[in-house]
Each structure stands twice: as C-alpha cells, then as structure tokens.
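To start, the structure itself, in structure tokens.
The values are calculated or read from the model by the stated rules, or taken from the named source; none is laboratory data. Small disclaimer: the values here were computed from a predicted structure and weren't measured. Counting neighbours? That spans all protein chains shown, and the Cβs are built from the backbone with ideal geometry, glycine included.
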Amino acid sequence: MPLTWLLQHGGEIIRYRTLTELAQAGAADAGVLDAARLAVLASKPVSTVVKKQKDTGVWAANLLGLAPSTAHGIKDVGTIPQYRRLLQMGVPVGGRPYKLADRLLFRLLSRDDDPGLLFEFRKMAAGDTHAESWARWVIREASCAALAEAGHIEDPRLRGSAHKVASAVSQFLRSPLSEKPFVKVGGKTILHPEAYPPSWYSVAMVASMPSLQRERAGFTERLGDYLAQPAPKKAYSLHVGKKTVKPQHLLLGDPIESDGKGVAEDVPLALHYIELLARIGALHTAPVATKVLGRLLKDCDDHGVWHPKGLRSLPKAINKISYHTFSLATESKSAESRQVDVTFRLALIAKHLGWSIEMA
C-alpha cells in the first residue's frame, strides 16, 4: 500500500493518521509523531471547526445538521457531525473541544427530559410525546456513535445506551417488519411506526465497539446480512407525531448506487459504508459494496495510488452523511490532492480487512 506516497502528499491530517494508524509501530519516533500532531492542531481545517464551537460545547445551536438548511432553521453543521469530524481529522481525544462536548453528549444519553436538549427538534416535539420520543431516540443513537468513535467504549453510560440501541435494532431484524417495513397511509409509503431499522449512527456505533460485537455476535451477524441486501428503491417517509419526515439517517440495506462496472455514483458515501462493513466483519456478504471496492482497487496504479482515468476533480459527496469523513486532504490544484483521500480510505479499509500494509 502507498504509505510513503500518503506521507508525501496527504497534508497534515492524512500524514498524521498514516503515521498513527497505518504505519507499523516504531516506523516514526516520538519527535516525528509530536511534530505531526502539532501540525494537525495548527492546521486550517481543524482551527476552522474548533473556533465555531461555543463554550457550551455546541456547534451551530443544533445537534445533527449536516449542512445549512433554511427549511429546518439550521445555519451550519451541527454538534455531532463536527465532533466526529474532529475525530476524523486526527485531533487527539482529551482536548478542550471534546471535554466541552462530552458533557453534553453524555447528558443526551441520560433520561434528562429538559426540552432544551431537543435542540433543533424542540419545536417539532412541543406538546407531542411521540415526536419527542422519536427525536430523543435519534439523538441518543447519534450520541452513542460519536462517543464510541471517541473511544469511550468501556464507559458504563455508553455501554448501557449502546445495548438499548442494539436491542431495538435486533428486535427489528428478528421481526417480520425487517422484510416488510412499509405501510400505506393516504396513498403514501410510510415506515411502520414500530420499525427500528439500523441507521448510519447505530451501525457506526457497533463498528466502533468490538466488545459489543463479541458480546452480541448473533446480532452483529444478522446486522451484516441485513446491510448486505439491496436497499428499497421506493421513496418513503416517517410519521412523527403530526409531522412527516424524510428519514435520511436510516439504512434499509446497502445504500450504494453504482453502475454495472461497479463505479459508485457517490464515492465518499461508498467508502464510508464499505469501511463500516469492514469494521463489523460483514463486507464479504455485501455484493454491491464488494464490487464497488473491487472497482476502486482496480483503478489503483502499481504503487497502490488511486488513479482512475479522466480524474479531473475531487469526488463529490452527494449525500452529506459522509461530511465527517471526506475530504481530509489539504486542498490544492495538484493532481495528487484529487487522489489522496480515496487512496487513504482504501488503505484504511485494507487494514480493517486484515490485509498486509507496507511502507513502500
């Protein structure tokens, strides 16, 4: 794998993550690692995110916003995506941004019924117990994912909430609803109100908690099998109290869209999903994800650098769910800047799959 190339062209963030996550132990001495870490902390992408955080630990007065949305009153990317982006950018856990946000995230796992903890969902949930329950569930899932990715996997507060989430999803996977999750209401396709399918958040949580995977091996296997099946093509909505919501966070199967050759329409989403499957040991059961990975690897040159024909720009994310993972490289006009993010992700996926990774 092209680790030397990544160190040369990856910029501060990918260089640091290559040294700490992909290179063999001892490949870089403590001085080199310290310098790389300080370069990450001083980088423009990190400082841009950090300076937007309030002293309350919140970003942009919302929790889950992936992009500005006038319709939902969201002015900027929210707290949990920004927290997860700092993790992806290699900012070491334990710094001030995490300490501020952790207080809030752990509080969101509790049964605290403070209406203020609903943030962007507060207006929707006002006077509607069903909508409030739904909003707190989604917030709890997302908080679990963020805290698990930050390494709090042995904290009893997170473990308790994680097992509740896993139990709800497991019950869905065992039920007839997993095969027929929709109902017709007023001519519209609606997700059954008792269905709790996996979400991008719950899958990320499981992927970050190896102990939960071991303790609930049967559930993890069923989850992988479910995520390998094709996602339904039909559009559907959720009835949340008196509102109808488009559930962009849910996963009813493999979300990757690709052509017959395995070329993904949304490369950042495909890489994010493939990495999650690799981390829960389920990639081998997913034909679409496997085919897309094969195509991405086929487009790598003899040195392992992703180099598809006709690459004129950085792959664009269609679905904002990959905001926190893509892109990480320093922007420039060089050809390498268009290749480095995908090359790094492929190397990371290879590591999760247990493939051999060498420096040269």
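Here are the numbers:
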{"quantity": "Identity of the residue in the range 71-87, over 16 Å from K99 (Cβ atoms) and touching a Lys or Arg at 6+ places or on another chain (Cβ under 9 Å), that ends up surrounded by the fewest Cβ atoms within 10 Å (Cβ to Cβ)", "calculated": "G73"}
{"quantity": "Exclusive hit being modelled with pLDDT under 95, on the phi < 0 side of the Ramachandran plot and surrounded by fewer than 18 Cβ atoms within 10 Å (Cβ to Cβ), set R312, R338", "calculated": "R312"}
{"quantity": "Among residues of the range 321-335, those that are crowded, with 16+ Cβ neighbours inside 10 Å and either in a helix (DSSP H, G or I) or in contact with a strand residue (DSSP E or B) (Cβ under 7 Å, 6 or more places away or on another chain) (or both), counted", "calculated": "2"}
{"quantity": "Checklist (1) under 21 Å from L238 (Cβ atoms); (2) part of a helix (DSSP H, G or I) applied to E194, failing item", "calculated": "(2)"}
{"quantity": "P193 vs. criteria buried (at least 16 other Cβ atoms within 10 Å of the Cβ) and not hydrophobic (A, V, I, L, M, F, W, C)", "calculated": "no"}
{"quantity": "Condition broken by P315, with the remaining ones in (1) part of a helix (DSSP H, G or I); (2) more than 17 Å from the chain's Cα centre (by Cα); (3) closer than 26 Å to V77 by Cα satisfied", "calculated": "(1)"}
{"quantity": "Filter result (hydrophobic (A, V, I, L, M, F, W, C) and at pLDDT 95 or above) within the range 214-260", "calculated": "A217, F219, L223, L227, A228, L250, L251, L252, I256"}
{"quantity": "Qualifying residue in the range 209-220 (condition: farther than 25 Å from L63 by Cβ, in a helix (DSSP H, G or I) and over 22 Å from the mean Cα position of the chain (by Cα))", "calculated": "yes"}
{"quantity": "Residues being free of Cβ contacts under 8 Å to residues at least 24 places away in the same chain and either among the basic types (K, R) or under 18 Å from V340 (Cα atoms) (or both) - total across the range 16-43", "calculated": "1"}
{"quantity": "Criterion (outside any helix (DSSP H, G or I) and closer than 23 Å to I14 by Cα) met by exactly one of D302, D341", "calculated": "D302"}
{"quantity": "Hits in the range 293-314 (condition: out of contact with any strand residue (DSSP E or B) (no Cβ under 8 Å at 6 or more places or on another chain) and charged (D, E, K, R))", "calculated": "K298, D301, D302, K309, R312"}
{"quantity": "Failed item, numbered, when L297 is tested on (1) buried (at least 21 other Cβ atoms within 10 Å of the Cβ); (2) farther than 26 Å from L41 by Cβ; (3) not acidic (D, E)", "calculated": "(1)"}
{"quantity": "Among the residues listed as K261, K184, K234, the single one being among the basic types (K, R), surrounded by fewer than 20 Cβ atoms within 10 Å (Cβ to Cβ) and part of a strand (DSSP E or B)", "calculated": "K184"}
{"quantity": "Residue list for the range 25-70, filter: assigned to a strand (DSSP E or B) and touching a Lys or Arg at 6+ places or on another chain (Cβ under 6 Å)", "calculated": "W59"}
